[in-house]
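Let me begin by presenting the structure, written as structure tokens, before commenting on it.
The values are calculated or read from the model by the stated rules, or taken from the named source; none is laboratory data. Just so you know, these numbers come straight off a predicted model, no measurement behind them. Cβ placement follows ideal geometry from the backbone for every residue including glycine, while neighbour counts extend to all protein chains displayed.
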Amino acid sequence: MQQYFEVRWHGRGGQGAKTAALLFGEAAMETGKYIQAFPEYGPERTGAPVKAYNRLSDGPIRIHTQVINPDVVVVLDASLLESINVTEGLKDNGALIVNTQEKAAAIKEKLRVTNAKVAVVDATKIAVEILKKNVPNTVMLGAMVKITGVLEWDSALASIKEKLEVKFRGRTEIIEGNVEAIKRAYDEVEVA
Amino acid sequence: MKTIAKTGNEAMAYAMKQINPDVVAAYPITPATEIVQIFSNYVADGEVDTEFVAVESEHSALSACVGASLAGGRVMTSTASQGLALMHEILYIAAGNRLPIVIALVNRSLSAPINIHCDHSDTMGSREAGWMQLYCANSQEAYDSLIIALKVAEQTAVPAIVSTDAFIISHAMERLEVLEDEEVQRFIGEYKPRFSALDLENPKTFGPLDLQDYFFEHKRAQIDDFSKVLGTYNKVAQEYAELSGRYYPALEEYKTDDADVAIFTAGSTADTAKEVVDGLREQGRKMGLVRMRMWRPLPVEEIKAALGKFKAVAVMDRSDTMADFGGPVFLETRGILYDAKKKPLLTDYVYGLGGRNIDISDILRVYDEIEQVVKQGKIDKLITYLGVRGEE
Amino acid sequence: MSMKFDRPMNWKELPAGCLIDEAATSLRFKTGDWRSMRPIWDAEKCIHCLFCWITCPDTAITVQDGKMTGIDYDYCKGCGICAVICPPKASAIDMVREEK
Ligand code: SF4
Ligand code: SF4
């Protein structure tokens, strides 16, 4: 069977977990990968825990199943760590990336992660400082690209910028702000 | 040809844009809402010439489509689940009047209980309405199939439903290749309707009362025309393959030549099962897959030939007939194989109702069990409800 | 094409979809011979309220310039609705037996 690189995104309704998965998927496609990006739908309510997924491969992807054993788990909101087992099914040698103010080692210990690396970045702080709003999703893409290494940084950033330009037609400060925030997350992400 | 990333819904809406129908009348319903929402953006942005009719229900949506099609227009709509159920009455009217309307549909379960996720109950409940039905396995196929279906519908005067699996395909972004607008236009050609209700020089009578003396003759003629759909489909699918490089047979066989057993299923599960087949073959187990893509009209001879060569086949049905006899694909397949010279042992697995995840391990289990059926030479359990709590 | 035939058509001969290749074919369907009772209109009594015109199921009441002008016996099937609906103070329509 084919090899896949799979990602699970955890967020709360309104934080943009689905958008992050779509942006990451499209960025991966620009680098020549075959991709899937899909949300786990339920009743969509602001604040409710939500999940979204990515599946990447070098060849066409035929499986349409849920992601059970992700290579990477991204948590957009640290408050989810209390209520949800975010490391469920995480592959050995995988990575958990959390938006938090805490240190990577602290999270690693708290969640008793022994088989994977843990990376942290304070995406909320970066978002509030640069974008003046708590929108950590795009910011986390910076950490994501750095930690996973599956995408080439320059082309991933270019692709994300392109998609933001479509989404925010002409609102330069938002587009540039997002790009700056993504770069900062790329630089500031800390690993344990 | 260009490569883009699109969800199933975006892919369907994009195909509709390139088809540029004269009229789209639609009412939103999850998970098909996005299709008309995205399409209405194309209308608002002037990217299509379509008259978009926002109506107050699916019954009205298809009724408006019937009127527009009688007027000689190229007409499309989109719906899912309860929406198709509400259209049910008008499905027959469209088909009986030979109006080649095309529905971009997302397969979703029917209430109750209320659920918005995938199964095939909606379209399986419309099998007898006289519409061509194509079940797609992925976004690429959904895009391609709308274009193919429109051409077949217009050539045969038989309306068509093209469907994807709710959320699994409708909301999953995938990489796909799309044609240029002009290529699509050249492929479908200009629609030349047989008549137009707006042609005041040549007035006609549409949909008159038709009683005991002629109704049966009209239905018999409709059934006969329906039987020609498969031939036209095969031709159009071939033309599309020449244009796009992607060929979609009405019935697809995957690694079946030397296989003793096979799964017979539809939609996204069939795509996943291909991967499972590859894995089994790496272990030296010769197993295959037959994918049901067209379920109306039924490709009877194709099914007979394809399934006749196996020792055992497991049908996987994503809906139930409430006949206490499994799902519709199983029931009809049994009927088709009744007079086959060689026929396999046939079992049914009803799975995935209301969007219950179907995992690789579930499909592996079906292959294991069907292999066991061959070893034993008999079936222990005819119908299995797969992946439901409380069942072994 | 007008569908004239001396025997019932079989399914292979019919235009698809129950389409009739012309309009207003009901004009050729004269229901006058269904009549066993004949409405007789009295122009003197008629107050031209047009109730009969509005209710006649076979559009057999003829009207010109807003005035009732008579009954088209090619299509009048003798149902008597016009006689019933005609206001009592006018009573301008009488039903009589067709049979001589
Ligand atoms: S008898 Fe009946 S059909 Fe004849 S004119 Fe009166 S209402 Fe019309
Ligand atoms: S209903 Fe009687 S009074 Fe009125 S228009 Fe007819 S015939 Fe005359």
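For residues that are in contact with a strand residue (DSSP E or B) (Cβ under 7 Å, 6 or more places away or on another chain) and among the polar types (S, T, N, Q), scanning just region B:230-281, find the one that is farthest from B:HIS120 (Cα to Cα).
Checked region B:230-281; the qualifying residue farthest from B:HIS120 (Cα to Cα) is B:THR256.
Taking B:GLY46 as the residue in question, decide whether it is at positive phi and out of contact with any Leu (no Cβ under 9 Å at 6 or more places or on another chain).
yes
Given the criterion more than 30 Å from B:PHE226 (Cβ to Cβ), in contact with a Ser or Thr (Cβ under 9 Å, 6 or more places away or on another chain) and of a type in the set (A, V, I, L, M, F, W, C), identify the matching residue among C:ILE47, C:ILE20, C:ILE71.
Exactly one residue qualifies, and that residue is C:ILE71.
Considering only region A:137-190, state which residues are modelled with pLDDT under 95 and not in a helix (DSSP H, G or I).
A:GLY149, A:VAL150, A:LEU151, A:GLU152, A:PHE168, A:ARG169, A:GLY170, A:ARG171
Output the qualifying pairs, or none if there are none: Cβ atoms under 7 angstrom, residues six or more apart or on different chains, first residue in region C:38-59 and without any contact (Cβ under 8 Å) to a residue 40 or more places away in the chain, second residue more than 9 Å from ligand 2 (Cβ to nearest atom) and basic (Lys, Arg).
C:ASP58/C:LYS77
When the residues of region C:42-76 are narrowed to those that are surrounded by fewer than 18 Cβ atoms within 10 Å (Cβ to Cβ) and either among the acidic types (Asp, Glu) or within 14 Å of another protein chain (Cβ to nearest Cβ) (or both), which ends up farthest from ligand 2 (Cβ to nearest atom)?
Checked region C:42-76; the qualifying residue farthest from ligand 2 (Cβ to nearest atom) is C:ASP74.
Quick check on this structure: which one of C:ARG28, C:ARG7, C:ARG35 is surrounded by 12 or more Cβ atoms within 10 Å (Cβ to Cβ) and more than 9 Å from every other protein chain (Cβ to nearest Cβ)?
Being surrounded by 12 or more Cβ atoms within 10 Å (Cβ to Cβ) and more than 9 Å from every other protein chain (Cβ to nearest Cβ) holds for just one of C:ARG28, C:ARG7, C:ARG35, which is C:ARG35.
What are the residues in region B:215-230 that are touching a Phe, Trp or Tyr at 6+ places or on another chain (Cβ under 9 Å) and aromatic (Phe, Trp, Tyr), if any?
The answer is B:PHE216, and nothing else.
Run B:PHE215 past the list (1) surrounded by fewer than 20 Cβ atoms within 10 Å (Cβ to Cβ); (2) away from chain C (no Cβ under 14 Å) and report the number of the one that doesn't hold.
Against the list (1) surrounded by fewer than 20 Cβ atoms within 10 Å (Cβ to Cβ); (2) away from chain C (no Cβ under 14 Å), B:PHE215 comes up short only on (2).
Looking at region C:32-42, is at least one residue within 16 Å of ligand 1 (Cβ to nearest atom) and among the acidic types (Asp, Glu)?
yes
Starting from residues that are near ligand 1 (Cβ under 6 Å from one of its atoms) and hydrophobic (A, V, I, L, M, F, W, C), keep the ones in region C:77-86 and report whichever is surrounded by the fewest Cβ atoms within 10 Å (Cβ to Cβ).
Once the filter is applied, the top-ranked residue is C:ILE81.
Within region B:188-226, work out how many residues are within 23 Å of B:ARG74 (Cα to Cα) and touching a residue at least 12 places away in the same chain (Cβ under 8 Å).
Number satisfying all stated conditions: 15.
In region A:1-59, how many residues are part of a loop (DSSP other than H, G, I, E, B) and facing another protein chain (nearest Cβ under 9 Å)?
Count: 6.
Filter region B:268-303 down to residues that are part of a helix (DSSP H, G or I) and within 14 Å of another protein chain (Cβ to nearest Cβ), then give me how many there are.
15
If a residue must be under 18 Å from the mean Cα position of the chain (by Cα) and within 14 Å of another protein chain (Cβ to nearest Cβ), how many such residues does region B:219-240 contain?
The qualifying residues number 4.
Let's see how each residue does on (1) within 14 Å of another protein chain (Cβ to nearest Cβ); (2) in contact with a Gly (Cβ under 7 Å, 6 or more places away or on another chain):
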site: B:LEU70; (1), (2): yes, no
site: B:GLU128; (1), (2): no, no
site: B:GLN133; (1), (2): no, no
site: B:THR164; (1), (2): yes, yes
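Suppose the filter is at negative phi, more than 14 Å from every other protein chain (Cβ to nearest Cβ) and under 22 Å from the mean Cα position of the chain (by Cα); does B:ALA306 pass it?
yes
Is it the case, given these coordinates, that C:LYS100 is away from ligand 2 (no atom under 15 Å from the Cβ), more than 14 Å from every other protein chain (Cβ to nearest Cβ) and within 28 Å of B:GLY207 (Cα to Cα)?
So C:LYS100 fails the test.
Of the residues that make up region C:61-74, is at least one touching a residue at least 40 places away in the same chain (Cβ under 8 Å), near ligand 1 (Cβ under 10 Å from one of its atoms) and either farther than 30 Å from B:PHE206 by Cα or among the hydrophobic types (A, V, I, L, M, F, W, C) (or both)?
No - not one qualifying residue is present in region C:61-74.
Which pairs do you get when a residue that is within 14 Å of chain C (Cβ to nearest Cβ), found in region B:96-113, comes within reach of a residue that is basic (Lys, Arg) and part of a loop (DSSP other than H, G, I, E, B), reach meaning Cβ atoms under 8 angstrom, with the pair 6+ apart or on two chains?
B:ARG98/B:ARG194
All but one of (1) within 12 Å of ligand 2 (Cβ to nearest atom); (2) without any contact (Cβ under 8 Å) to a residue 24 or more places away in the chain; (3) closer than 25 Å to C:SER26 by Cα hold for C:VAL84, so report the exception by its number.
(3)
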